[in-house]
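Q: One structure coming up, written as structure tokens, with questions to follow.
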Amino acid sequence: MATAAEVAAQFQELYGYAPHGVWSAPGRVNLIGEYTDFNEGFVLPLALPHTAVAAVSPRTDGILRLHSADLDAPLAELRVDELTPLSDGGWAAYPAGVVWALRAAGHRVTGADLHLASTVPTGAGLSSSAALEVVTALALDDLFRFGLTRPELAVLAQRAENAFVGVPCGVMDQTASACCTDGHALHLDCRDLSLRQVPFDLAAHGLRLLVVDTRVKHALGDGAYAERRVGCEEGARTLGVSHLRDIAYDELPAALDKLRDVKVRRYVRHVVSDDHRVEQVIALLDAGDVRALGPVLTEGHASLRDDLRISCPELDLVVDAANTAGALGARMTGGGFGGSAIVLVEADDTDKVTAAVLAAFAAADFTAPRIFPAVASAGARREI
Ligand code: ADP
Ligand code: MG
């Protein structure tokens, strides 16, 4: 794992001078509330200890140089006034997209040199892309003194991913990376972007949250997100609301009766019930009844598997094997079709549940997953 000082030293070696500063931004896992963000509903992510660390200096000549320690790719050299959305710039599109989004919003970025290294696993549903965007946004905001708030930086980073990279994600990932705080989950209302830090100290309750990265990504996922998004929009239109957020949980049965399309009905049931599960989880956390989160997580998984239909055999196996081995609850997290699951366990059962999941994967002939504890960590910050 590269420390901030190491990344600064790498910058110096690459560019021949010391960086102005070093910043970091974490990946995240979402505790509950999936596919709810673009429906203007609720999510409850927490930041991981895994971070993207970037050493950055400003430039005044319009040149943007980008380098990642984690890839074989050569140094990318671009001009800030020639950045073109959707031009398939590979990994560099993420930081370049942030520069583009800042400039498009009227913030004068006049160039930069950037070198980064990240410990966020890529493509594992843990938002390595948001970490990369947010660390870039925070560094540029600091260096050029734009004075943007964390939620504003998150929205610009999301814009970079939507409009420049071309990935139609919601605002959760970037907001989690920008706004989470140590020891808390982040209750985010995706309608007005209001947020609340919810104390999330599992160790104090003798519990642990495990992340199980299945290391698979199924091609099926590519068009599925957009398809569900369109289905949710259709559901909202049929129900006469701007977004599914406007359907209260106790109105759900009546709403479902009005929907003819079975797929749309399933999507609506997932989104409205998952918004409700976010509220349930927050009430349980506020009441200190943390063990009771388990069944809510497992219900959330069933909804993602059966209603939204974005799970896969590997994710289902994590949930089933963990629960059979005595976990309190488990669910897939993130966009689905691979990526990661989370498992809530008694801390003392960590080894038992981990062994059961590994054994189930071996028996099914699946690639061994990577399993690590998720400790609610700090959001983006300046390191040096
Ligand atoms: P996720 O955000 O779930 O990890 P994405 O597909 O959204 O997955 O983003 C992964 C992409 O982000 C990578 O393919 C790469 O282009 C970029 N990326 C993430 N981390 C790094 C890194 N350390 N160096 C270079 N590019 C990175
Ligand atoms: Mg991503």
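Q: By per-residue mean of other Cβ atoms within 10 Å, what is the highest-first order of 38-50, 144-156, 247-259?
A: For the peptides 38-50, 144-156, 247-259, the packing ranking is 38-50, 144-156, 247-259.
Q: How many nm separate the modelled label positions at residue 365 and residue 351, each set 7 Å beyond the Cα in the direction of the Cβ?
A: In this crude label model, residue 365 to residue 351 measures out at 3.2 nm.
Q: Give the Cα extents of the range 52-203 along the principal axes, in whole Å, largest first.
A: Principal-axis extents of the range 52-203 (Cα, largest first): 46, 33, 27 Å.
Q: Amide H of residue 21: which non-local residues (sequence gap of 5 or more, or other chain) have their own amide H closer than 5 Å, using H built in the peptide plane?
A: Here the answer is 56, since their amide H atoms fall under 5 Å of that of residue 21.
Q: Calculate one ³J(HN,Hα) per residue across the range 361-375 by plugging θ = phi - 60° into the Karplus curve 6.51 cos²θ - 1.76 cosθ + 1.60, and present them in order as whole Hz with x for glycine and proline.
A: Per-residue couplings from phi come out as 5, 5, 5, 8, 6, 8, 4, 4, x, 9, 10, 8, x, 9, 9 Hz.
Q: Counting alpha carbon pairs within less than 8 Å and at least 6 residues apart, what relative contact order, in whole percent, applies to the range 200-373?
A: Reported as a whole number, the value is 33 percent.
Q: Take each of the peptides 99-110, 198-209, average the number of other beta-carbon atoms within 10 Å over its residues, and list them starting from the highest.
A: The peptides rank, most packed first, as 99-110, 198-209.
Q: By the scheme Lys and Arg +1, Asp and Glu -1, what is the net charge of all other residues having a beta-carbon under 15 Å from that of residue 52?
A: That works out to -3.
Q: Mean-square fluctuation check for the chain, GNM, Cα pairs under 10 Å: which of 14, 304, 64 is largest?
A: In this elastic network of the chain, the residue with the biggest mean-square fluctuation among 14, 304, 64 is 14.
Q: Could you state the angle between the C-alpha long axis of helix 128-144 and the longest principal axis of the C-alpha atoms of the chain, as a value from 0 to 90 degrees rounded to the nearest 10?
A: It is inclined by approximately 40 degrees.
Q: Just report the Cα centroid separation between the range 336-361 and the range 12-50, whole Å.
A: 24 Å
Q: Under 13 Å between alpha carbons, and skipping anything fewer than 8 positions from residue 217 in its own chain: which aspartates and glutamates qualify?
A: By straight Cα distance, residue 217 reaches 314.
Q: Next up: To the nearest whole percent, what portion of all C-alpha pairs in the chain is separated by more than 41 angstrom?
A: Distances greater than 41 Å cover 13 percent of the Cα pairs.
Q: Averaging sequence separations of C-alpha pairs under 8 Å and six or more residues apart, then dividing by the length of the range 48-89, give the relative contact order as a whole percent.
A: It rounds to 30 percent for the range 48-89.
Q: Amide H to amide H under 5 Å from residue 340: which residues, 5+ apart in sequence or cross-chain, H placed 1.01 Å off N in plane?
A: The list, which skips near neighbours in sequence, is 214, 333.
Q: Pull up all non-local amide H partners of residue 376: gap of 5 or more, or a different chain, and H-to-H distance under 5 Å with H placed in the peptide plane.
A: Result for residue 376 returns 183.
Q: For the range 192-204, just list the computed ³J(HN,Hα) in residue order, Karplus coefficients 6.51, -1.76 and 1.60, θ = phi - 60°, integers in Hz, with x standing in for Gly and Pro.
A: In residue order, the calculated couplings are 10, 6, 6, 9, 9, 7, 9, x, 9, 10, 5, 4, 5 Hz.
Q: Evaluate the relative contact order of the chain (contact order divided by residue number), counting alpha-carbon pairs under 8 angstrom at least 6 apart; express in whole percent.
A: 23 percent
Q: Using θ = phi - 60° and the Karplus form 6.51 cos²θ - 1.76 cosθ + 1.60, what ³J(HN,Hα) does each residue of the range 34-41 get, whole Hz, x for Gly and Pro?
A: For the range 34-41, the Karplus-derived couplings read 10, 6, 9, 5, 6, 8, 6, x Hz, x marking Gly and Pro.
Where a number appears in this text, it was derived from the coordinates with a stated rule and is not lab data. From a predicted model like this one, the values you see are computed outputs, not experimental measurements. Please note: Cβ atoms are built from the backbone with ideal geometry, for glycine as well, and neighbour counts cover all protein chains shown.
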